[in-house]
Amino acid sequence: MDYEAFFQAELDTLKDDGRYRTFAELERKAGAFPRAKHHTEDGVKEVTVWCSNDYLGMGQHPAVLAAMHDTLDSCGAGAGGTRNISGTNHHHVLLEAELADLHGKEAALLFTSGYVSNWAALSTLAARLPNCVIFSDSLNHASMIEGMRHSRAECHRFKHSDPADLDRLLSMVEPGRPKLVAFESVYSMDGDIGPIAEILDVCEKHGALSYIDEVHAVGLYGPRGGGIAEREGLMDRIDVIEGTLGKAFGVMGGYIAASKNLCDYVRSFASGFIFSTALPPAIAAGACASIKHLKRSSIERERHQERVAQVRRRLDAIGIPTMENPSHIIPVMVGDAHKCKMISDWLMEHHGIYVQPINYPTVPVGTERLRITPSPVHTDDDIDRLVNALSEIWSKCELARRAMAA
């Protein structure tokens, strides 16, 4: 077989479909986010980032940077190994205690990313609970799907955010059989929020273990940043809360928060935990500082929500089609992979605005979009430039606009 020819043909297909992904080489500027340096063959230009998951700009917060600098100086760069082999640092223990407190749980367990925490926790629970059957929301993240597939447990998909369909499926399983229901709070591409209370009602009715992914909600919602479940007073009813340290908390890593026994069980049996080198202590210290700050401060969340609302109003006023939702994620709908990539490139080239195109397989074909994520540190001038640039390119491309409010 001509392997290189095969690889080239597959890549050419992606390019022909408009789905080939290119990386913008960015250099974030501490203290200046959302500004970044864009490195190209023609030199370095300044851009404004509109698609970061560092939702609150905590990646440049003084308290986070200070904690990381201090810990780097005191502990060095790496953890020294897996958690089982010399890699458990005092800062990991402190961070897990902080996360358990954030979610009102007995314990928490750290992983190297949110992807790994979903993959490892779901695959371990579903594989090792005897004859377990999984019920997965149809729009669950790839990391959850991979974990469930790896478990090889029987799995059923229920209609997106549909407790009645979940109830119907659970009713078909014998009462004593272990059952695990996996779903999200904020769905990252459409920005919709799941009906958590109603899903928990169904879980409790059927004796199912509940597992919620709050990665796009922790830090952003609730009086202390515990997520949508905290905002709605539901954390105590959820068996496993999974989250990330790489989005609103501004650093990196993932975790689960649950009972002491459940966390200890996953710690003891999950290969994704056992065989992964631990997070660097400085990363753990930075995440801990971020969580502590956001537990006390609501200024960032309030400013964030105001910026999101303003961008929505401005785009609605000029008829730019966005997907309506109650979260902080603003999908600008294009509906064509080639046009989506072209618009993204044009915004970068002509206005220094960086927003990545979102194409298949991340979203279904025909729903291609720009995913805009305003932050507390985007200024009124930033918003003006974004809105005016989008209006200009929409006209150039002769794309449909929504009817503007009278």
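The values are calculated or read from the model by the stated rules, or taken from the named source; none is laboratory data. Small disclaimer: the values here were computed from a predicted structure and weren't measured. Every residue, glycine among them, receives a Cβ derived from its backbone with ideal geometry; neighbour counts consider all protein chains shown. Accessible surface is based on the protein model in full, side chains and every heavy atom, while ligands, DNA and RNA are left aside. Shrake-Rupley method; radii C 1.70, N 1.55, O 1.52, S 1.80 Å.
Before moving on, here are some points about what is shown:
- Rounded FRET efficiency, nearest 0.05, which uses the C-beta distance separating ASN261 from GLU27 and R0 of 30 Å: 0.10
- Label-to-label distance, GLN310 versus THR40, with points set 7 angstrom from Cα along the beta-carbon direction: 2.8 nm.
- Note on ILE299 and SER395: the model spin-label points, each 7 Å out from Cα along the C-beta direction, lie 4.0 nm apart.
- Shape call, region 187-279: gyration tensor on alpha carbons, a/c limit 1.5: oblate
- Dipole in debye (nearest 20) - region 62-108, about Cα centre, beta carbon charges: Lys, Arg +1; Asp, Glu -1: 160 debye
- Overall, region 319-386 carries a charge dipole of about 280 debye about its Cα centre when +1 sits on the Cβ of Lys and Arg and -1 on the Cβ of Asp and Glu, all other atoms neutral.
- Distance (nanometres) between label positions extended 7 Å along Cα→Cβ at ARG128 and ALA63: 3.5 nm
- Cβ crowding within 10 Å averaged over residues, with 304-317, 187-200, 217-230 ranked highest first: 217-230, 187-200, 304-317
- 5 angstrom amide H check on ARG369, placed H, neighbours 5+ away: VAL334, GLY335, ILE358
- Region 170-218 - percent of accessible surface contributed by carbon and sulfur, probe 1.4 Å: 56 percent
- Backbone N under 12 Å from the GLU146 label point (7 Å along Cα→Cβ), restricted to region 239-280: 272
- With all protein chains modelled, accessible area of ARG385 [1.4 Å, Å²]: 110 Å²
- This model, with +1 at the C-beta of Lys and Arg and -1 at the C-beta of Asp and Glu, gives region 236-391 a dipole about its Cα centre of some 380 debye.
- The simple Förster model, with R0 at 30 Å and r as the Cβ-Cβ distance, assigns TYR20 and ASN325 a FRET efficiency of 0.60.
- Largest GNM mean-square fluctuation among GLY286, GLY114, GLY81, using the chain with Cα springs under 10 Å: GLY81.
- Bridges between two residues of the chain, per DSSP, are antiparallel at a rate of about 60%.
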